[in-house]
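Asks: My questions will all concern the structure given below.
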Amino acid sequence: MDSASIVSDTASSPDTDPTYSMRHKRFSEDDADERRLKFLERNRAAAARCRQKRKHWITSLEKKAEELQNTNSRLQGEGNSLRNEVHSCEGLLGSIKIVQSHCSSNQPHVSCAASGVDASVQTAVWKHFLSHFIHSLY
C-alpha cells in the first residue's frame, strides 16, 4: 500500500475531515426523523385498531344489554301471569273447599243441593275449575 491510498482512506475519518461530523449528524437526523415518522405511523395504526376494537366491544355490550332487558321484561310478564294464575287457583280452591264443606255429611247419598249449596254456585265453581284446567293443558 502506498501513502496516497492510506491518506485517501483516512480522509473521510472524523479526525481528518471537518465536514464528516456535519454529514454524519445530518444522516443521523434524517434517520431519527424517519424513525419518528415510522413510529408515528405505527402508533396511528395501533390507535385506529384500538378504537375499532373498543367500538366493537361497546356495540356487543349494548346488544347484550338489550337482550337482557328483553329477557327481563319477558320474565317479569311470565312472573305476573303466574302470580295471577296462583291467585286464581287459590280462589278456585277456596270455592271448592266451601262447596265441599257444604256437601260433606255423614250421609254419602246426600247431594249438594240437599245440603243447602246453591246449584248456580256449584256450576260456577265447576266452570271456573274446568276453564283453568283446559287452559293449563295448552
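The values are calculated or read from the model by the stated rules, or taken from the named source; none is laboratory data. Everything numeric here is computed off the predicted structure, so don't read it as measured data. Here Cβ is always computed from backbone atoms with ideal geometry, including for glycine, and neighbour counts include all displayed protein chains.
Asks: Scanning for something under 30 Å from THR123 (Cα atoms) and modelled with pLDDT under 75, does segment 70-93 turn up at least one residue?
Replies: yes
Asks: Which is among the charged types (D, E, K, R), closer than 30 Å to PHE129 by Cα and in a helix (DSSP H, G or I), of GLU67, GLU78? So that I can check it myself, show each step before the final result.
Replies: Details: GLU67 fails: closer than 30 Å to PHE129 by Cα.
After ruling out the rest, the residue left standing is GLU78.
Asks: List pairs: first residue in segment 70-95 and of a type in the set (A, V, I, L, M), second residue at pLDDT below 95 and surrounded by 10 or more Cβ atoms within 10 Å (Cβ to Cβ) anywhere in the structure, Cβ distance under 6 angstrom, at least six positions apart or on different chains.
Replies: LEU92/HIS128; LEU92/PHE129
Asks: Looking at (1) modelled with pLDDT under 70; (2) surrounded by 12 or more Cβ atoms within 10 Å (Cβ to Cβ), which is the one condition that is false for ASN106?
Replies: (2)
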